[in-house]
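Just below is one structure, and these are the notes that go with it.
The values are calculated or read from the model by the stated rules, or taken from the named source; none is laboratory data. The shown structure was predicted, so the numbers you read here are calculated from the model rather than taken from an experiment. Note that each Cβ is placed from the backbone with ideal geometry, even for glycine, and that neighbours are counted across all protein chains shown. In case anyone asks, the SASA skips ligands and DNA or RNA and just uses the protein heavy atoms, side chains included. Shrake-Rupley method; radii C 1.70, N 1.55, O 1.52, S 1.80 Å.
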Protein chains: 2
Amino acid sequence: MKPSVVTFEPNGNSCRDCSIRESSVCSALDAAELRQFEHLGRRVQFGPCETVFSEEDIATSYCNVLDGVMRLYKLLPDGRRQIVGFALPGDFLGMNISGRHNFSADAIGSVAVCQFAKAAFGRFIEDRPHLLRRINELAIRELTQAREHMVLLGRRSAEEKVATFLLSWRERLIPLNGPSNTVPLPMSRQDIADYLGLTIETVSRTFTKLERDGVIEIIHGGISLLDPARAEALAAA
Amino acid sequence: MKPSVVTFEPNGNSCRDCSIRESSVCSALDAAELRQFEHLGRRVQFGPCETVFSEEDIATSYCNVLDGVMRLYKLLPDGRRQIVGFALPGDFLGMNISGRHNFSADAIGSVAVCQFAKAAFGRFIEDRPHLLRRINELAIRELTQAREHMVLLGRRSAEEKVATFLLSWRERLIPLNGPSNTVPLPMSRQDIADYLGLTIETVSRTFTKLERDGVIEIIHGGISLLDPARAEALAAA
DNA sequence: CGACACCTTGAATGCGCTCAAGAGGCGTGG
DNA sequence: CCACGCCTCTTGAGCGCATTCAAGGTGTCG
């Protein structure tokens, strides 16, 4: 929520060593292109709760999440918040058509991103349709996720929401940490509530209930999934 | 809901005369390209409630909505339905990455679409990055709408949902019918409920309340917006 | 050790849902 | 032309899930 105090270093590291090279937009680029591309991006670091960009801000750059987790959210005039997604390493942010961001983004823990000036990136993409295709692919994937989320928000009960969230969050972490029934939850209960369209109390109560029922165990900084099968059942597919 | 009984005619009409040429994907194409393009598409007609495609179907074609309104929805295993959007003339459907549709689509009234076999369309797009860019633009616009819808589903009250829906539906119809306070609602109350994450009874009650309050008048096949300013206020922007 | 943030728990309220019935519109057929 | 059935929409009554309001617990960091 704080104003974004940005610390950045000229991008000393090469794209070749980038941890998200294969999962990000950049996977569309070959070695030669990557060498050109690496001059466009610069690494920017954000501390916990720092704002990366705000809704309605003019979008001057795209960014690739390198490390950490971000919450992406929209606010109503009276302060109600809906988190529209969490961004993880490899995610690409800043696509829009109005020239302005249509949601806000801030760091949950420490976050590192690779920023690209919009103009330079636009020129780079100009004669590289394979990169454009990759971007399109990411946009469509997000759209698919967004629709799935609409079903959750509009048609699922609190318990189904929480169970679905835990399972899909675990799923999203697999490419990063490998499969595991220990699911870290770097975001706060309030974040989870605002993601699921619930209140913090309901989320807390539902966690407790799932624990009482032996489906999960609440551990520090996350949960442990004790009974994945039952969780799937509760998620109502 | 019925199985789709398709009637089609070889596309005698040329793209030049197409009513949605300027608002659809096709706006990215110049006259010469349009002449090639018109061999790829064929006009297909659907009657009321016929299914255009179903979730999990293999997506063999894209389609441009030419005329009519479609509901796009996802179902939970137990039959709960969430309408993720309504498609209007100019909308482009069929984008996905899995090769399968990730929602179902059926006609509300009579609908005409322009279908493109995926393979041929893919070949056509290959060396036409401007068309790809246009598709990307449409995907991003949908993504923006989807996020707006998430806020509605997760964080708005019934009255706010209905007011927001009426205003945004009116807005969407402007390019088709011009601005007007008479808002046709071709979809059923059940459709509206499933779009807003409410029950049909709540939608009906809320319509009645808005009418009692002098905000709208319920007319046959739609509503008349009597007090747009108050509607905006109720929508909690 | 105290202050603060975050999380949990409890009790009561209320919004939207469920269940149920009634009203209205429309096409069909006598 | 009206009678009838069907479907959609509306309205009412009561309920229940998630919320609100309020307090208490837990962990962290100065």
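Go through (1) more than 17 Å from A:Cys49 (Cβ to Cβ); (2) in contact with a strand residue (DSSP E or B) (Cβ under 7 Å, 6 or more places away or on another chain); (3) open to solvent by 10 Å² or more (accessible area, probe 1.4 Å) and name the single condition A:Asp78 misses.
(2)
Kindly check whether there is at least one residue in region A:77-90 that is away from chain B (no Cβ under 11 Å) and not in a loop (DSSP other than H, G, I, E, B). Give the derivation first.
First, pick out the residues of region A:77-90 that are away from chain B (no Cβ under 11 Å): A:86-90.
With not in a loop (DSSP other than H, G, I, E, B) added as a condition, the list becomes A:86-87.
Yes, region A:77-90 has at least one match.
State whether one or more residues within region B:153-166 are open to solvent by less than 10 Å² (accessible area, probe 1.4 Å) and of a type in the set (Phe, Trp, Tyr).
yes
Out of everything in region A:177-189 that is within 21 Å of A:Ala107 (Cα to Cα) and surrounded by 14 or more Cβ atoms within 10 Å (Cβ to Cβ), what residue ends up being farthest from DNA strand D (Cβ to nearest atom)?
A:Val183
With B:Ala112, B:Ala87, B:Ala139 as the choices, which residue is away from DNA strand D (no atom under 16 Å from the Cβ), of a type outside the set (D, E, K, R) and either more than 30 Å from A:Gly197 (Cα to Cα) or more than 18 Å from the chain's Cα centre (by Cα) (or both)? It would help to see each step written out before you state the result.
Values: B:Ala87 fails: either more than 30 Å from A:Gly197 (Cα to Cα) or more than 18 Å from the chain's Cα centre (by Cα) (or both); B:Ala139 fails: either more than 30 Å from A:Gly197 (Cα to Cα) or more than 18 Å from the chain's Cα centre (by Cα) (or both).
One residue alone meets the criteria, B:Ala112.
Please verify whether region B:136-154 includes one or more residues that are outside any helix (DSSP H, G or I), within 16 Å of DNA strand C (Cβ to nearest atom) and within 14 Å of another protein chain (Cβ to nearest Cβ).
Residues of region B:136-154 that are outside any helix (DSSP H, G or I), as a first pass: none.
Among the residues of region B:136-154, not one is outside any helix (DSSP H, G or I), within 16 Å of DNA strand C (Cβ to nearest atom) and within 14 Å of another protein chain (Cβ to nearest Cβ), which makes the answer no.
Hey, among the residues in region A:193-208 that are more than 6 Å from DNA strand C (Cβ to nearest atom) and more than 12 Å from every other protein chain (Cβ to nearest Cβ), which one's nearest to the chain's Cα centre (by Cα)?
Ranking the qualifying residues of region A:193-208, first place goes to A:Val203.
If you take the residues of region A:163-172 that are among the hydrophobic types (A, V, I, L, M, F, W, C) and more than 14 Å from chain B (Cβ to nearest Cβ), which of them is farthest from DNA strand C (Cβ to nearest atom)?
So the residue we want is A:Leu167.
Within region B:44-61, which residues are touching a helix residue (DSSP H, G or I) at 6+ places or on another chain (Cβ under 9 Å) and either over 14 Å from B:Phe103 (Cβ atoms) or free of Cβ contacts under 8 Å to residues at least 12 places away in the same chain (or both)?
B:Thr60, B:Ser61
Give the residues of region A:41-73 that are within 20 Å of A:Trp169 (Cα to Cα) and in a strand (DSSP E or B), sorted by residue number.
Within region A:41-73, A:Asn64, A:Val65, A:Leu66, A:Asp67, A:Met70, A:Arg71, A:Leu72, A:Tyr73 meet the criteria.
Just wondering, is there one or more residues in region A:102-123 that are outside any helix (DSSP H, G or I), of a type outside the set (Val, Ile, Thr) and more than 29 Å from A:Leu173 (Cα to Cα)?
Of the residues in region A:102-123, the ones outside any helix (DSSP H, G or I) are A:102-117.
Still in the list and also of a type outside the set (Val, Ile, Thr): A:102-107, A:109-110, A:112, A:114-117.
Next, only the ones that are more than 29 Å from A:Leu173 (Cα to Cα) stay: none.
No, region A:102-123 contains no residue that is outside any helix (DSSP H, G or I), of a type outside the set (Val, Ile, Thr) and more than 29 Å from A:Leu173 (Cα to Cα).
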